[in-house]
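First comes the structure, then the notes that go with it.
The values are calculated or read from the model by the stated rules, or taken from the named source; none is laboratory data. Small disclaimer: the values here were computed from a predicted structure and weren't measured. A quick note on method: Cβ atoms are made from the backbone with ideal geometry, for glycine too, and the neighbour counts reach across all protein chains shown. Side chains included, ligands, DNA and RNA excluded: accessible areas come from the protein's heavy atoms. Shrake-Rupley method; radii C 1.70, N 1.55, O 1.52, S 1.80 Å.
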Amino acid sequence: MMEADMENGRLYPERPRTFSTVRTKSSLPPIFRVLMRINPRAFIVLLLLVFSGVLYVGASTSPIVLFVFCICTLSLFFSLYLTKWVLAKDEGPPEMSEISDAIRDGAEGFFRTQYGTISKMACILALVILGIYLFRSTTPQQEASGVGRTTSAYITVASFLLGALCSGIAGFVGMWVSVRANVRVSSAARRSAREALQIAVRAGGFSAIVVVGMAVFGVAILYATFYVWLEVDSPGSMKVTDLPLLLVGYGFGASFVALFAQLGGGIYTKAADVGADLVGKVEQGIPEDDPRNPAVIADLVGDNVGDCAARGADLFESIAAEIISAMILGGTMAQRCKIEDPSGFILFPLVVHSFDLVISSVGILSIRGTRDSGLISPIEDPMAIMQKGYSITILLAVVTFGVSTRWLLYTEQAPSAWLNFALCGLVGIITAYAFVWISKYYTDYKHEPVRLLALSSSTGHGTNIIAGVSLGLESTALPVLVISVAIISAFWLGHTSGLVDESGNPTGGLFGTAVATMGMLSTAAYVLTMDMFGPIADNAGGIVEMSQQPESVREITDILDAVGNTTKATTKGFAIGSAALASFLLFSAYMDEVAAFAQLPFKEVDIAIPEVFVGGLLGSMLIFLFSAWACSAVGRTAQEVVNEVRRQFIERPGIMDYNEKPDYGRCVAIVASASLREMIRPGALAIISPMAVGIIFRMLGHATGRPLLGAKVVAAMLMFATVSGILMALFLNTAGGAWDNAKKYIETGALGGKGSESHKAAVTGDTVGDPFKDTAGPSIHVLIKMLATITLVMAPIFL
């Protein structure tokens, strides 16, 4: 059907230029379709009522929560301003907008189908969680506060479903803006590189602000609702320090959706990309995004569902997991130290990320257009411009973090503790900057590693692969050293903060690490903006190529695309660093929860116990098996695409002369159905493995008189999986990004330029790296955090 809709663009001059819509029904989620049917005045009244209710709940909880709600609301209005600004830009000539329509309809159609599948799986898992919680034991704290099994079960399930819903909306927002901004960036590139850059950044900024704002707002509204409903801190009710544990389901729901979104989107985008490159570039010798390639539309659709929608869900769950784990640790520490008003320590993460919304907005607005819109030649380096914006955001983050620690973490018991925690935040901010710089060094073709990789292409395909693998392996060293220094520094700064328990033992170490994690994520909205910039620029380049714009316009989009590859790689480095710290925090929270349920001390995991060591081995194996299944899914789907593209070139020889139309729709259908099918197996492996291991070793422990054996084995599995996952993700992300930019470097004219033997070898390396950097690598970020949240939620079944 799609071939009829996409009959001829600029390339078929004897027929109308039409890449008309392929949509047969609305691709908007049902909730948005319902809202659009409401009378505008009634909708405004409804919004005011909801907003008033939220403010009332916030004011009934804490002035801090009210502050968070106000900042989130203001950030929503700012995102609407960015949307209006971007959509006010022109879409260029008809051939551009028609191609963009085809991309948008393909992306929204796949999104609807994919998230329909994910929502069904989420509902099934919610029923499983409900069954487990209805028959599990309760902790003494829950019994004392009157929160019984039934209440706890429904709270956890509601949190899980809300987290899943918000994660899905975050993904939809990321995709929605990218499929509308791409054509506007293409059009702007005809006038000025700076204008095109500004549009792409502001479009990415809209998505980033909404994703971070929703993560903060979702956790805050859950916290406030439970606080008011359960009458927290009233006589005979739950203590406020125990409240954050009820939010764990929210993090698990976000991780669940993000994992399948990343897997499905990653398989889609890279299978289409690999298939298009192997046949189009290597075999037929046609340029990237050439309209004669039958897989080109599927490739451009994949940029949106893989890089935009999936990354939005990924960063959403990263922030949600970090906020919840830090709130749990803050409450635990405040309880041990007998701090009179613990709300500051618990709500601190929400305030930090509220300030993130403000300072990242300033960073986004700092990237302005030029007065001379007629300037075609790109003079300024786009990466340098975005780095200036990031530097502004970093400086503001240091100031706001210091203000936040003095406001919320000051206590009479340790008057200087806030300063130690402010330094912990500074450690996290420096760590984030270091991760961004390291990723840029290993993936930007301005630096030596990528240029040496490109040089290795001149001696053949094999040497390119060897050099890329060795670069990826080497790139794990510096990030691991940085994260190691960060964890130890933050722990000891917290440990020496002066906060002690009743026995005089220092208790601030773990919370110091939590504060460092918050520091690292305190610029998350701007980093996500840089990430979203990448696929938007990539799509813009594809639209320019397909609509056959002048070479000068393609040169601008090529530069933006190469910078986008680097920003995507830096964001992945940033994401894996924050995942490492967040998983460390969730691991500590898991041990505390097990101790509370079992009424036994659980402070360490002894890997000298054979069963525990086996659990560690299983955790490491899980990472490798998961990566293998993710990459093989891309390989199998890409083979189908390659065969289809080859078939079309053979059966329709007129395609190469522009006399026959490629069947774009066939390739779109192949990758859409295959990605939905292939995402199930690795996703199910990640969810079922920890539960199966915990239950099996729980039964073994019961038979041998060791009640904590199941929980200890799962702890070892989580620990080893986190360590292996960090290294594997660093290797996959960096190697893939370096291969991609080595190809881009050769395409600038180096080492023979496009069509040379060096270029063909670089394309081979790029196709090998595609499932590394955009499927398996990003999915591991989500996997290690999901393992941590699923063990927290399922802890009762391991005892």
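Couple of notes before you dig in:
- Estimated at 0.36 nm per residue, the fully extended path between GLU340 and SER632 surpasses their Cα-Cα distance by 99.6 nm.
- For GLU98, solvent-accessible area (1.4 Å; no DNA, RNA or ligand), Å²: 40 Å²
- Candidate cross-link partners of LYS239 among the lysines, defined by an alpha-carbon separation under 20 Å and a same-chain spacing of 8 or more, comprise LYS338.
- Neighbour cut-off at most 16 other Cβ (10 Å), DSSP loop, trypsin sites (Lys or Arg not before Pro), segment 228-331: LYS239
- Rounded to whole Å, the principal axis extents of the Cα atoms in segment 586-740 read 76, 32, 24, largest first.
- MET656 accessible area, assembled protein chains, probe 1.4 Å, Å²: 50 Å²
- If you plug the beta carbon distance of GLU380 and HIS447 into 1/(1 + (r/R0)^6) with R0 = 25 Å, you get a FRET efficiency near 0.85.
- Placing a label point 7 Å from the Cα of TRP229 along the Cα-to-Cβ direction, the residues of segment 47-66 with a backbone N closer than 18 Å are 50-51, 53-62.
- The angle between the Cα long axis of helix 757-771 and the longest principal axis of the Cα atoms of the chain comes to about 30 degrees, rounded to the nearest 10.
- Model label points for TYR410 and VAL50, set 7 angstrom from Cα along the Cα-to-Cβ axis, are 3.8 nm apart.
- For the chain, accessible area per residue (1.4 Å probe, heavy atoms of protein chains only), Å²: 34 Å²
- Rounded to 0.05, the FRET efficiency of the ASP657 and LYS84 pair, given R0 = 51 Å and the Cβ-Cβ distance, is 0.70.
- Rg/Rh (Cα only; Kirkwood hydrodynamic radius) as it applies to the chain: 0.97
- Using heavy atoms of the protein chains and a probe of 1.4 Å, the accessible area assigned to ARG190 is about 80 Å².
- Residues in segment 602-633 reached by a label modelled at THR704 [backbone nitrogen below 19 Å; 7 Å Cα→Cβ]: 602-619
- Residue ranking by accessible heavy-atom surface, 1.4 Å probe, largest first, among ASP606, ASP356 comes out as ASP606, ASP356.
- Heavy-atom surface analysis with a 1.4 Å probe gives the chain a carbon and sulfur content of 65 percent of its accessible area.
- In nm, spacing of pseudo-spin labels at VAL614 and CYS70 (7 Å Cα→C-beta vector): 5.8 nm
- Annotation: lysines with alpha-carbon distance below 18 angstrom to LYS603 (same-chain offsets under eight excluded): LYS712.
- Its alpha carbons give segment 224-354 an Rg and a Dmax of 23.3, 76 Å.
- Close amide H pairs (under 5 Å, H built 1.01 Å from N) link THR748 with no residue at least 5 positions away or on another chain.
- The trypsin sites (Lys or Arg not before Pro) found in segment 559-640 that occupy coil by DSSP, while having at most 12 further C-beta atoms within 10 Å, are LYS603.
- Our note on the geometry: Cα centres of segment 415-468 and segment 711-764, 12 Å apart.
- Partner aspartates and glutamates for LYS89 [C-alpha distance under 17 Å; skip if fewer than 8 residues away on the same chain]: GLU98, ASP101, GLU195, ASP372
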